[in-house]
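Have a look at the structure below, then the notes.
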Amino acid sequence: MTPPKRHRRTPRGGPPPQPAAPARKGVRGGNPERLYVVAGPDGERADLDLVTLIVARSPDPPPSATPEQAALLRLCVAPLSVAELSAYLSLPFGVVTVLLTEMLTAELVQARSSIVRTALPDRSLLEAVMHGLQRL
């Protein structure tokens, strides 16, 4: 059995394909020096989880806001988790928490912690609901 004949992706007379761009060293979102400038030297952080919801108090950024802070304020018109903000801005979680700490102290955003349930629901209640659903 002979293998199928291969077809060229570019015509014979066309330009040769360009090699892939070399991978950049450092962090996915850019070079690490830029992230240090964004986060600042002190790097203080508020106690934020990945699931903490962030809401902007006002969608309009103040004139003194950095571009990253302005982007955070535009995104936080509706509540978003810190993990979502990190993904949308392509910034590491640590950098986003430092930015949010500065914005929390300036009262530009409000943090809503996730609800932690300390007790499990009553088993008899869950069984009653399950039996009721089965009867339907």
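Residues T101, T52, T97: which one is polar (S, T, N, Q), more than 14 Å from the chain's Cα centre (by Cα) and surrounded by 11 or more Cβ atoms within 10 Å (Cβ to Cβ)? Result of the check over T101, T52, T97: T101.
Take the conditions hydrophobic (A, V, I, L, M, F, W, C) and modelled with pLDDT of 90 or more and apply them to M130. Does it pass?
Numbers: hydrophobic (A, V, I, L, M, F, W, C): yes; modelled with pLDDT of 90 or more: yes.
It is true that M130 is hydrophobic (A, V, I, L, M, F, W, C) and modelled with pLDDT of 90 or more.
Restricting attention to the stretch 67-94 and to residues that are more than 14 Å from A56 (Cα to Cα) and in a loop (DSSP other than H, G, I, E, B), the residue that is least open to solvent (accessible area, probe 1.4 Å) turns out to be L91. Checking every residue in the stretch 77-96 against the condition of being of a type in the set (A, V, I, L, M) and in contact with a Pro (Cβ under 9 Å, 6 or more places away or on another chain) gives at least one match. Considering only residues that are over 13 Å from L48 (Cα atoms) and either at pLDDT below 85 or in a helix (DSSP H, G or I) (or both), which ones fall in the stretch 104-113? If the condition is that a residue be over 13 Å from L48 (Cα atoms) and either at pLDDT below 85 or in a helix (DSSP H, G or I) (or both), then T105 is the only one that fits.
When the stretch 104-125 is filtered for residues that are surrounded by fewer than 16 Cβ atoms within 10 Å (Cβ to Cβ) and of a type in the set (G, A, S), the ones remaining, listed by number, are A106, S113, S114, A119, S124.
Only one of the listed residues (L53, L80, L91, L72) is of a type outside the set (D, E, K, R) and under 13 Å from L108 (Cβ atoms). That residue is L72. Only a single item in (1) β-branched (V, I, T); (2) open to solvent by 60 Å² or more (accessible area, probe 1.4 Å); (3) more than 20 Å from S114 (Cβ to Cβ); (4) at pLDDT 85 or above is not met by V37, and it is number (4).
The values are calculated or read from the model by the stated rules, or taken from the named source; none is laboratory data. As the structure is a prediction and not an experimental result, all values here were calculated from the model. Methodologically, a virtual Cβ is constructed for each residue, glycine included, from the backbone with ideal geometry; neighbour enumeration extends over all protein chains shown. The accessibility values were calculated without ligands, DNA or RNA, using every heavy atom of the protein model including side chains. Shrake-Rupley method; radii C 1.70, N 1.55, O 1.52, S 1.80 Å.
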